[in-house]
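Before any comments, here is the structure.
The values are calculated or read from the model by the stated rules, or taken from the named source; none is laboratory data. Not measured: the values here are computed from a predicted model. Using ideal geometry, Cβ is built from the backbone for each residue, glycine included, and neighbour counts are taken over all protein chains shown. To get the accessible areas, we keep the full protein, side chains included, count just its heavy atoms, and leave off ligands, DNA and RNA. Shrake-Rupley method; radii C 1.70, N 1.55, O 1.52, S 1.80 Å.
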Amino acid sequence: MFKPFAFTLAAAVLLTGCSAQSGAETQGGGLADSLPSLTGDYVWTVNAQKSTVKFEADYNGAFSADFSRFAAAIKLNPDAPETGEIHAVVDLSSVRADDKDVTNNLPTPAWFDIKMHPVATFKSDQISKTDAGRFIADGTLTLKGISKPAALTFDLKTDGNAATADGNFTVNRMDYQVGTGSDFKDESWVKFPVKVSVRIEASR
Amino acid sequence: MSASVKSTYTKTAIWLHWMIAALIIGQLIGGKVMHAMDPAPLKFELYQLHKSFGFIILALSVARLLWRLGHKPPALPDGMKPFEKIGAKLSHIAFYILMIGIPISGWVMVSSSPYIIETKIFKLIPVFDLPGVPRTEGFNALTKDVHEYMAIAIAALLVLHIGAALKHHFVEKDDVLNRMAPRIKVRR
């Protein structure tokens, strides 16, 4: 009886999830305050410590970076995905790349400009099932004050009241004015596509 | 053997002279090449290398200046006209200003860049960005111009310096070039 229902969607796109502070089940402090309080049987609580939000891009070769602070409010009944919602927020200042120069530059005005725009958000408009265990959340990604449509596809696995979702979407960084200035307005140093991946573990 | 203790430069001065000379010529050529390159990982590496050698030149030049202040160089040949002696002195002062000033202008450039790229000499020794330097595109552009014009100036000075040394050696036939030549155990 558990199988069929539960699941999460966890999704989050660039943004999801729960805070990475220590208490695993704690929704991230101030971050979570900006999320709606969802109610119902299919509201999922994200396990922040086991969830990740990261992206891969190319600067002098591929690199990856992850965000340690994010929060999400997720409601999803896998059997009725159209009733679900995903709201996620990511603290952009929590970014860490595997290249120190990248980590140092991302918060600056040419990139995330975190003083002006400290968070990125994703909000789903429509969640639908595309295949067995596979869903798509069409929604809006807001980054650096710019909102554009984004579609998060994710695979969902559930086990009783626990669920795991692996999803991703790819954005063009220039759609969000990430990487401005003469050196970055083209792809000579930093490629345009950025693949955002999320892995969410949640329970209900 | 001949003569006075002051007939030649000290070994230290000679070593510093040729070491710095080789590095400056390398930096002038390397700077030109890397600047003209299209963006690529190699271009990035060359800039990091250029920064590394710049700090080496800065350290050696400061050491050389300190050495120079403590060790009087051999006198210029008596045959030189007063204005030639003044010219030689001025060109040497200009060299010291540029040898120290160009690396510092590069350091200011790096410190004012809107891009935060860590400076690590040969990827080993971290160097801090100079404090109090405005990190703006406008100021950064100015520092790039200053660095470039100083490099052009030292290239011009180099031509003058080499020309003068050759003139001393082949035209005046004095010992000006020889006394800065690397000490090889050979006597004429």
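Okay, here's what the table says:
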{"read-out": "Leading residue by the ranking (farthest from the other protein chains (Cβ to nearest Cβ)) among those in the stretch A:94-130 that are in contact with a helix residue (DSSP H, G or I) (Cβ under 7 Å, 6 or more places away or on another chain) and of a type in the set (Phe, Trp, Tyr)", "value": "A:Phe112"}
{"read-out": "Residue in the stretch A:53-60 that is within 14 Å of another protein chain (Cβ to nearest Cβ) and open to solvent by less than 50 Å² (accessible area, probe 1.4 Å) present", "value": "yes"}
{"read-out": "Test result for A:Asp138, over 16 Å from A:Val198 (Cβ atoms), out of contact with any Cys (no Cβ under 9 Å at 6 or more places or on another chain), free of Cβ contacts under 8 Å to residues at least 24 places away in the same chain and surrounded by fewer than 16 Cβ atoms within 10 Å (Cβ to Cβ)", "value": "no"}
{"read-out": "From B:Lys173, B:Lys123, B:Lys144, residue being within 14 Å of chain A (Cβ to nearest Cβ) and exposed (fewer than 14 other Cβ atoms within 10 Å of the Cβ)", "value": "B:Lys123"}
{"read-out": "Residues within the stretch A:171-204 that are of a type in the set (D, E, K, R) and either within 14 Å of chain B (Cβ to nearest Cβ) or open to solvent by less than 20 Å² (accessible area, probe 1.4 Å) (or both), tallied", "value": "6"}
{"read-out": "Some residue of the stretch B:84-95 being within 14 Å of another protein chain (Cβ to nearest Cβ) and open to solvent by less than 30 Å² (accessible area, probe 1.4 Å)", "value": "no"}
{"read-out": "Criterion: farther than 22 Å from B:Glu118 by Cα, crowded, with 17+ Cβ neighbours inside 10 Å and of a type in the set (Val, Ile, Thr) - qualifying residue of B:Ile25, B:Ile57, B:Ile20, B:Ile14", "value": "B:Ile20"}
{"read-out": "Pair list, Cβ < 8 Å and 6+ apart or interchain, from the stretch A:167-191 residues that are over 28 Å from A:Ile127 (Cβ atoms) and among the basic types (Lys, Arg) to residues that are in a helix (DSSP H, G or I) and open to solvent by 30 Å² or more (accessible area, probe 1.4 Å)", "value": "A:Lys185/A:Met174"}
{"read-out": "Complete set of residues in the stretch A:67-96 that are farther than 23 Å from A:Phe135 by Cα and open to solvent by 20 Å² or more (accessible area, probe 1.4 Å)", "value": "A:Ser68, A:Arg69, A:Asp91, A:Ser93, A:Arg96"}
{"read-out": "Answer residue from the stretch B:107-120, given it is within 14 Å of chain A (Cβ to nearest Cβ), outside any loop (DSSP other than H, G, I, E, B) and out of contact with any Phe, Trp or Tyr (no Cβ under 6 Å at 6 or more places or on another chain) and is most open to solvent (accessible area, probe 1.4 Å) among those", "value": "B:Lys120"}
{"read-out": "Where A:Ser128 falls short, out of the listed (1) open to solvent by 50 Å² or more (accessible area, probe 1.4 Å); (2) of a type in the set (S, T, N, Q); (3) under 22 Å from A:Ile86 (Cβ atoms); (4) modelled with pLDDT of 95 or more", "value": "(1)"}
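For (1) outside any helix (DSSP H, G or I); (2) more than 19 Å from the chain's Cα centre (by Cα); (3) not β-branched (Val, Ile, Thr), each residue gets a yes or a no:
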residue	(1), (2), (3)
B:Ala75	yes, yes, yes
B:Asp78	yes, yes, yes
B:Ser105	no, no, yes
B:Leu130	yes, yes, yes
B:Phe139	no, yes, yes
B:Asp145	no, no, yes
B:Phe170	no, yes, yes
